[in-house]
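The values are calculated or read from the model by the stated rules, or taken from the named source; none is laboratory data. Computed from a prediction, not measured in an experiment: that's the story for all the values here. As a convention, Cβ positions derive from the backbone with ideal geometry for all residues, glycine included, and neighbour counts pool all protein chains shown. With ligands, DNA and RNA removed, areas are computed over all heavy atoms of the protein, side chains included. Shrake-Rupley method; radii C 1.70, N 1.55, O 1.52, S 1.80 Å.
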Amino acid sequence: MNLLQDSTLKNWTVKIKGHPAGENYKNTFRLENGVLKVNYDLYESFNDAFGHIFYNQEFSNYKLRLQYQFTGNQIEGGADWATRNSGVMIHCENPKNMGLNQNFPVCLEVQLLGGLSSGERPTGNLCTPGTDVVIDEKRVTDHCVNSSSETYNGNQWVTLEITVLNDSLITHKINGKTVMSYTKPQIGGGGVADSGRADYWEQQQGKSLKKGFISLQSESHPVAFRNIEILEL
């Protein structure tokens, strides 16, 4: 199923920090000719307006495949670490439950990074806002773990494929090559501090993540997504 098969974004919900769910602040997320674009041309400064656009359906066992491309220049006010940085969030909480000033949903983030013209910068990494996973039979509490991918410089389209098998196994592929796998995703790390629901997330610590929403991220650098396809297993 193509998640962009409709000519509008009616099947998606935007949640941007400082704004209620459903408000596409400054038209950040746009669908143009089948391409979902994250754009900041109406912004004066980023001002920590971290955002996500969620597909309005939960998934548990599936393959998700898409292409992404970093474009243009980072908006003024974006953090250095957010240059050519975005993400695909899986097993996400419901955007309607997020706090008004919450930066990120509780989820697993498949982090997307573009090269900086020099040095190595892998993509298809794992970040864990409010979550933990198991890698090589060890519980990992580091916020981000690098994949084994190559570095992709410039504005080329890169293909990402994620296979999610409930809470048993999740793998990331970049351009057809497996670059990361992990198991036993669960609520962990104290939740997300700015969620406004600290007590709730504290009670959920250790709970397995078996399903959730999928979202795409806006972190201050323009990025485009296309051919967003999902196959339920």
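Sort out for me the strands (runs of 3 or more DSSP E) sitting completely within region 1-87 that have 1 or more residues that are at pLDDT 95 or above and surrounded by fewer than 17 Cβ atoms within 10 Å (Cβ to Cβ). Give the derivation first.
Working: elements: 12-16, 29-32, 35-38, 51-55, 61-70.
The strands (runs of 3 or more DSSP E) meeting that bar are 29-32, 35-38, 61-70.
Please specify each residue of region 20-67 satisfying the condition of being within 18 Å of Glu161 (Cα to Cα) and in contact with an Asp or Glu (Cβ under 8 Å, 6 or more places away or on another chain).
Within region 20-67, Phe59, Asn61, Tyr62, Lys63, Leu64, Arg65, Leu66 meet the criteria.
If Asn227 satisfies all but one of (1) open to solvent by 40 Å² or more (accessible area, probe 1.4 Å); (2) touching a His at 6+ places or on another chain (Cβ under 8 Å); (3) in contact (Cβ under 8 Å) with a residue 24 or more places away in the chain; (4) assigned to a strand (DSSP E or B), what's the number of the condition it fails?
Of the numbered conditions (1) open to solvent by 40 Å² or more (accessible area, probe 1.4 Å); (2) touching a His at 6+ places or on another chain (Cβ under 8 Å); (3) in contact (Cβ under 8 Å) with a residue 24 or more places away in the chain; (4) assigned to a strand (DSSP E or B), the odd one out for Asn227 is (2).
Looking only at region 88-112, count how many residues are open to solvent by 40 Å² or more (accessible area, probe 1.4 Å) and either within 21 Å of Leu209 (Cβ to Cβ) or without any contact (Cβ under 8 Å) to a residue 24 or more places away in the chain (or both).
Applying the first criterion (open to solvent by 40 Å² or more (accessible area, probe 1.4 Å)) to region 88-112 yields 94, 96-97, 100-101, 104.
Restricting the remaining residues to those that are either within 21 Å of Leu209 (Cβ to Cβ) or without any contact (Cβ under 8 Å) to a residue 24 or more places away in the chain (or both) gives 94, 96-97, 104.
Count: 4.
Yes or no: Glu109 assigned to a strand (DSSP E or B), of a type in the set (Asp, Glu) and modelled with pLDDT of 95 or more?
yes
Among the numbered criteria (1) of a type outside the set (Ser, Thr, Tyr); (2) more than 22 Å from Glu219 (Cβ to Cβ); (3) touching a residue at least 60 places away in the same chain (Cβ under 8 Å), which one does Ile135 miss?
Ile135 satisfies all of (1) of a type outside the set (Ser, Thr, Tyr); (2) more than 22 Å from Glu219 (Cβ to Cβ); (3) touching a residue at least 60 places away in the same chain (Cβ under 8 Å) except (3).
Whether any residue in region 181-197 is under 18 Å from the mean Cα position of the chain (by Cα) and within 20 Å of Arg121 (Cα to Cα) is what I want to check.
So far as region 181-197 goes, yes, one or more of its residues are under 18 Å from the mean Cα position of the chain (by Cα) and within 20 Å of Arg121 (Cα to Cα).
Using the structure shown, decide if Phe213 is under 30 Å from Ile75 (Cβ atoms) and either without any contact (Cβ under 8 Å) to a residue 24 or more places away in the chain or touching an Asp or Glu at 6+ places or on another chain (Cβ under 8 Å) (or both).
Criteria met by Phe213.
Is it the case that some residue within region 206-221 is over 27 Å from Glu32 (Cα atoms), open to solvent by 20 Å² or more (accessible area, probe 1.4 Å) and polar (S, T, N, Q)?
yes
Are there any pairs, at least 6 apart or on different chains, whose C-beta atoms fall under 6 Å, with the first in region 146-167 and within 18 Å of Leu64 (Cα to Cα) and the second of a type in the set (Gly, Ala, Ser) and open to solvent by 20 Å² or more (accessible area, probe 1.4 Å), and if so, which?
Close Cβ pairs satisfying both conditions: Asn166/Ser60; Asp167/Ser208.
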